[in-house]
Amino acid sequence: MIGRRGKWLLFLYVLFLVVLFLMCSTDLIIREPEREIYQIAVIIEDVRGDNYGNFRKGMEQAAAELNADVHFITLYEQSDVRQQLELMEREKQDGADALIVVPVDERQMAEKQMGIPVIFLHSGRTESTGSGSIVIDYKKMGEELAQEMSKGLEKSSPVLILTDPQKQNSADRYFLDGAETVLMSGGYSVQKIPKDEEGGFGALVQLPETEQEERPVLLAQNTEILTAMAGILSESPEAAKRVRGLYGRGSTLSVLNYLDRGQITGICVTDEFSIGYFSVSAAVRALEGDVVQNPVIMDSYYIEKEDVREPDYEKMLFPIE
Amino acid sequence: MSGKKLFFILFLCVILTSCQNTHKEEQKASIRIGISLYRGDDTFINNICSVVEEKAKEYERENGIKVILDIQDAKGNQNTQNNQVERFISLDCDVLCINPVDRMDASVIIDRAMTAEVPVVFFNRQPVEEDMNRWDRLYYIGVDAKETAVFQGKMIVDLYQKRPEAVDRNGDGVVSYVILEGETSHQDSLIRTEWSIQTLKNGGVPIEKIAGGIANWERSQASALMEQWIHAYPDTIELVVSNNDDMALGAIDALERAGIDGMNVVGIDGTTPGLEALENGKLLGTVSANKEIYGSAIMELAASCALEKELPEEYPLENGTYYWTPQEILIHED
């Protein structure tokens, strides 16, 4: 038989176990601070995310540090404004707390009222839009690249701009606009070469043999064209000898490899890792009610083969997560 | 018990059961797939991953079910991959698609997936059978490594039978070859090496091995090895057999640097750069897994697992676990 004292001890013991259980297994006594995970959807203007490698790394780094769950969405059709607007609505309905958008059409997107924070990645517009915006000034980038190209370039060398009129987004247009303005005002002969029916620039492989100072310089509209042209020049050393240089923009691994091997002469780049990081941190700050400085303008840098291994550029081009 | 009470209990049971059924039939509006790659810079894996992204979009459009892909690069580190799996599970992924870093060490991933009841589709690097047998919601998608190797050997055998001088370039009656192998821990590497050479022997090609080395699937390592062999065995090597296209391209880089033209180099995988080299005649041939089917199989299997639906009939599973992607020989035509 258990005595009165024993019963009390047993009761206290059971009570102790119950309290311990409540403390450990539930938040009735010790309430753990709730950590809200922000759902952020990133909607780009392209059908593929290949050119967003460093951007995604920056985005993921910020997501891990700032408690966000970020997912990256590409369009079904290239530069389809209506579809981008539908995807924005869909993401909002599916519970996204904030959106990061690389707009197909900057004007239409800026007018769209979403009811949740939207961070825009603009390619030219500098007025504030949405809850925050990050601006990559592609026009200025085009101007800078054209200035670098024209250093030591004779007026007798024509500049051939490789374009794809069917797939031209606002970044491409601003970039070419900037480059063309500088080159035309510098007195250079500028000619636009659109992609041929086979989707390439076959005619450039058969360029005629000319004197060094009359050889053309190639400028690519975007990263895809730059990579494709560099590939053509690497496959055809004869064609490579007939051009004075190949220039463009972008910092994908393929572009950097071609730059390193000398098929690309110079490129203009931005710090894409930082853009990815800033955009997520701006979205989180907007969600937490902080005022986001409007707009954040990103610098662009001109680099050649020798600059790739410089510590500052190396950190920017090959970021470690 | 009175009749009324019995009727009431039965009524409750019916209500509860029908509620449960309604819940089961409820279609998910979105699925989330966590994908972890052993190395994001592997060309073949990148190609497959791009196809999966394309197929996810197609699936979304055709079925009206949103597909969220979380793609992570494990950078060749098993611990990183284990952490990524942990994160996928905490983010409520419906299914995991894992390209394991260490195929012998998939047990941690399987343990976590089993605890969270999240099915796993492994691809390209096959976990050991004991691990795969632990749960009926583990799947593997890959290619039949023996078939790949036999196809690679057959390319040379066919060429030798048609034009022996194209293979035995110095006409001494023996085809001197070097072989570039993938990682020793990868199941395909050993099988590809063994059966490629066996097929050459079985096909009556008189072969002699000059050198062989492990270049870990990498172009740069293969290029360095080939450079050494060119210096060590000048004017001797007639054939380069490579376990994948990246290493074959590395060998081609070294041959180009040394100014050697026309040597027969064969690869495996049919990667985009490999196909370019094939088109311009630098690569004699490659064995290509049908990447469209490979990527589709990953997407369809993952979606079926996530939605707890029957697996699609066009992807029959061997033993309910393995799907082998069809392959084809691609050879440069003069």
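Laboratory data are not the source of any read-out in this text; all were calculated from the coordinates shown. Keep in mind it's a predicted model, so treat the numbers as computed, not measured. Here Cβ is always computed from backbone atoms with ideal geometry, including for glycine, and neighbour counts include all displayed protein chains.
Points to keep in mind about this one:
- Loop GluC sites (Glu not before Pro), the range B:60-168, which have at most 15 other Cβ atoms in a 10 Å radius of their Cβ (DSSP): B:Glu117
- Beyond 21 Å in Cα-Cα separation lie the following of the pairs A:Lys112/A:Lys167; B:Lys28/B:Lys55; A:Lys57/B:Lys75; A:Lys151/A:Lys315; A:Lys112/B:Lys28: A:Lys112/A:Lys167; A:Lys151/A:Lys315; A:Lys112/B:Lys28.
- For the range B:42-122, the relative contact order is 23 percent, taking Cα pairs closer than 8 Å that sit 6 or more residues apart in sequence and dividing their mean separation by the residue count.
- Principal-axis analysis of the Cα atoms of chain A puts helix A:81-93 at an angle of about 10° to the longest axis.
- Pairs of Cα atoms nearer than 8 Å and 6+ residues apart set the relative contact order; for the range B:145-289 it is 24 percent.
- Dipole magnitude of the range B:145-289 about its Cα centre (Cβ charges: Lys, Arg +1; Asp, Glu -1), debye to nearest 20: 340
- Here the spin labels are modelled as points 7 Å beyond Cα on the Cα-Cβ line, and at B:Glu276 and A:Thr181 they lie 3.4 nm apart.
- In plain terms, the residue of A:Tyr301, A:Tyr13, B:Tyr323 with the fewest other Cβ atoms within 10 Å comes first and the most crowded comes last, giving A:Tyr13, A:Tyr301, B:Tyr323.
- The distance separating the Cα centre of the range A:38-109 from that of the range B:176-231 comes to 44 Å.
- Chain A: relative contact order in percent, alpha carbon pairs under 8 Å with at least 6 residues between: 20
- Set A:Lys305/B:Lys209; A:Lys139/A:Lys305; A:Lys241/B:Lys291 screened for pairs whose C-alpha atoms are more than 32 Å apart: A:Lys305/B:Lys209; A:Lys241/B:Lys291
- Note on B:87-99: average number of Cβ atoms from other chains within 10 Å of each residue's Cβ is 1.
- Take each residue in B:49-57, count the other chain C-beta atoms within 10 Å of its C-beta, and the mean is 2.
- DSSP assigns beta bridges within chain B; of those with both partners inside it, close to 15 percent run antiparallel.
- Computed from Cα positions, the angle between helix A:170-185 and the longest principal axis of chain A comes to roughly 30 degrees.
- Paramagnetic label zone (point 7 Å from Cα along Cα-to-C-beta, B:Arg257; backbone N under 13 Å) in the range B:190-219: B:219
- For chain B, the Kirkwood radius over C-alpha pairs fed into Stokes-Einstein at 25 °C and 0.890 mPa s yields D = 112 µm² per second.
- Loop GluC sites (Glu not before Pro), the range A:42-131 (other Cβ atoms within 10 Å of the site Cβ: 12 or fewer; DSSP): A:Glu77, A:Glu127
- Chain A: Cα Rg divided by the 2.2 N^0.38 Å rule of thumb: 1.38
- The GluC sites (Glu not before Pro) found in the range B:232-333 that occupy coil by DSSP, while having at most 14 further C-beta atoms within 10 Å, are B:Glu308, B:Glu310, B:Glu313, B:Glu314, B:Glu333.
- C-alpha long axis of helix B:145-162 to longest principal axis of chain B, angle in °: 30
- For A:Cys268, A:Cys24, B:Cys97, order by how many other beta-carbon atoms lie within 10 Å, fewest first: A:Cys24, A:Cys268, B:Cys97
- DSSP loop trypsin sites (Lys or Arg not before Pro) with at most 12 other Cβ within 10 Å excluded, longest remaining stretch of chain A: A:156-308
- Largest-first principal axis extents, alpha carbons of the range A:139-249, Å: 33, 31, 18
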